[in-house]
Amino acid sequence: MIEETVRRITDNVQKVIVGQRETVELALVALICEGHILIEDVPGIGKTTMAKAVSRSIGCTFRRIQFTPDLLPSDITGISFFNQKAQEFEYRPGPLMAQVVLADEINRATPRTQSALLEAMQERQLTIDGQTRALPRPFVVLATQNPIELEGTFPLPEAQIDRFLLKLKLGYPSEEQENDILLRFETEDPLETLAPVAQDTDILEMRREASGVRVEQSVRSYIVRVARATREHAAVDLGVSPRGTLALYKTAQAFAAIRGRDYVIPDDVKRLAPHVLTHRIMISPQTRLRGRMPEEVMMEIVDSVSVPVEE
C-alpha cells in the first residue's frame, strides 16, 4: 500500500514541482513518520509551493506562518477571549491548528515564540491559559530558513533543531528544468487546480504499516554505530542524541516501505543518514576555520563505519 500511495502522491506533486522527485519522496518519508522538516535554501526555490502541493495532495489542512521578530506566541497558538454575547470564554484557533504548517523563516522569531512552537512539535499539543489542546493528526511542521541573510535572526536552540526529523535542500533547477517551469506556469498556476489523491487517514495508516518493516540485528547495530561515531569524531563537539538514532531507525523503515520492501537494508541507512543526522551534530570551531562543513564531516563519519554484509 505504501509504495503505491507514495507514488500516487509524488506524481501529483510533480504536476506542480518540476524535478525534485527524490526530495518529495524524502518529505513523504517524514510525513509517514509524522516528523518535522527543516528546509534551508535561498528564497524563490519553491519551498512554499512544495509544502502546499504536498498538503493538497493528501487533503490536509495547510497554514503558513511568516516568522518575524515581533511575532508573539499567541499569534501562532491562538487566544482565549471573552464573548460578551455568550458570557463565556471562547478559544480562537491560531495557525498552528492545522495538519501541515509552513513556518517561513523560522529563525527570525524570538526564543519565547520558539518555545511555543517547540511544545507543538514535540507534544502535538498547545497550552493556552493553562488549558491543553490536542493538535490535529497528522501534524507536521515544514520550517524554512535562509542560509544567506543572518541579520535579525535568532539561532535555533539545539533542543529545537533536534526535533526536526529531516533537513533538506532543494537547490537550483537545471537549465532544462527551469525552462519547463516557465512553460508549466505560462498560462496558469497548476497548484490552483491540484486535487487530492489521498486522505489524511492514509498517512496514519502508512505510519502503522511502516512501523512493521523488519530491521535485522546487524542493520540495527549499524544504525547505532553510525550514531555513536558522531560522538567520537575529532571534528565534532556535540554528537547525535538517542533521539537522532531513533529518527534514523524510523526513517529507514519508512524509506524501505516506499521502495516496496518489508525489510531495511544498509543502503537505506547510508542514504538517509546525511539528511537525518547532519543538522544534529555541532562541529568544532577549528573545523569550521579549516573550511569544512557539517555535511562533509557527516559523510566522512558514515564512510568510516563498516557496513554489515550477508554471510
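The values are calculated or read from the model by the stated rules, or taken from the named source; none is laboratory data. What you see is a predicted model, and the numbers here were worked out from it, not measured in a lab. Using ideal geometry, Cβ is built from the backbone for each residue, glycine included, and neighbour counts are taken over all protein chains shown.
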* Structure fact -> Across (1) over 17 Å from THR68 (Cβ atoms); (2) in contact with a Phe, Trp or Tyr (Cβ under 8 Å, 6 or more places away or on another chain); (3) at pLDDT 80 or above, ALA143 clears everything bar (1)
* Asked: Out of all the residues in the stretch 39-93, which are outside any helix (DSSP H, G or I) and among the acidic types (Asp, Glu)?
  -> GLU40, ASP41, ASP70, GLU88, GLU90
* Looking at (1) in contact with a helix residue (DSSP H, G or I) (Cβ under 8 Å, 6 or more places away or on another chain); (2) under 30 Å from VAL309 (Cα atoms); (3) in contact (Cβ under 8 Å) with a residue 24 or more places away in the chain, which is the one condition that is false for ARG214? -> (1)
* Asked: If you take the residues of the stretch 254-311 that are of a type in the set (Gly, Ala, Ser) and out of contact with any Leu (no Cβ under 9 Å at 6 or more places or on another chain), which of them is surrounded by the fewest Cβ atoms within 10 Å (Cβ to Cβ)?
  -> GLY291
* With the condition kept exactly as written, say whether any residue in the stretch 84-94 is under 30 Å from VAL6 (Cβ atoms) and polar (S, T, N, Q). => no
* Asked: Scanning the stretch 1-22 for residues that are touching a Ser or Thr at 6+ places or on another chain (Cβ under 8 Å) and under 13 Å from ARG56 (Cβ atoms), which turns out surrounded by the most Cβ atoms within 10 Å (Cβ to Cβ)?
  -> VAL13
